[in-house]
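The next block holds one structure in the form of structure tokens; read it before the comments.
The values are calculated or read from the model by the stated rules, or taken from the named source; none is laboratory data. Computed from a prediction, not measured in an experiment: that's the story for all the values here. No Cβ is skipped: glycine too gets one built from the backbone with ideal geometry, and neighbour counts run over all protein chains shown. When the accessible area is computed, the model is the full protein with side chains, heavy atoms only, and any ligands, DNA or RNA have been set aside. Shrake-Rupley method; radii C 1.70, N 1.55, O 1.52, S 1.80 Å.
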Amino acid sequence: TAELDLPEIAENGNTVPMTVSVESPMTAQSHVTDVIVLSDGNPRAGVATFHFSPATGIAEANTRIRLAQTQNVMAIAKMNDGSFYSATKQVKVTIGGCGG
């Protein structure tokens, strides 16, 4: 399963902390290959892409993202067997971070 950890309310959209993680054994037989993070309210929907391999040991990434307005953020994880997992969370933004 995929998990997306974001604040419910972001006072400043310029710097919103985000953690995305996927429960996986991260072995050669079963591991996460990619996680893409999308936002439906930004001028460009693609926020970040993370690549993983069994050598990574854990499928987790921490970063800060920019959000223009209140919107849904979605993480889609691709597994090595071609299956996908996703997680979505709405973030309420009081001051937008992507300009006009």
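Here are a few things to note about the model shown:
- Exposure rank, largest accessible area first [Ser21, Ser86; 1.4 Å]: Ser86, Ser21
- Rounded FRET efficiency, nearest 0.05, which uses the C-beta distance separating Ile95 from Ser30 and R0 of 35 Å: 0.25
- Rounded to the nearest 20 debye, the dipole magnitude of the chain is 320 debye, with +1 charges on Lys and Arg beta carbons, -1 on Asp and Glu beta carbons, and the Cα centre as origin.
- A probe of 1.4 angstrom, applied to the heavy atoms of all protein chains, finds Leu4 with accessible area near 20 square angstrom.
- Accessible-area composition of segment 1-71, carbon plus sulfur, in percent [1.4 Å probe]: 48 percent
- Accessible area per residue for the chain is 56 Å², calculated with a 1.4 Å probe on protein heavy atoms, without ligands, DNA or RNA.
- Shape metrics for the chain, restricted to C-alpha atoms - Rg then Dmax, Å: 14.0, 46
- Local electrostatic count, Glu60, Cβ distance below 13 Å [Lys/Arg +1, Asp/Glu -1]: -3
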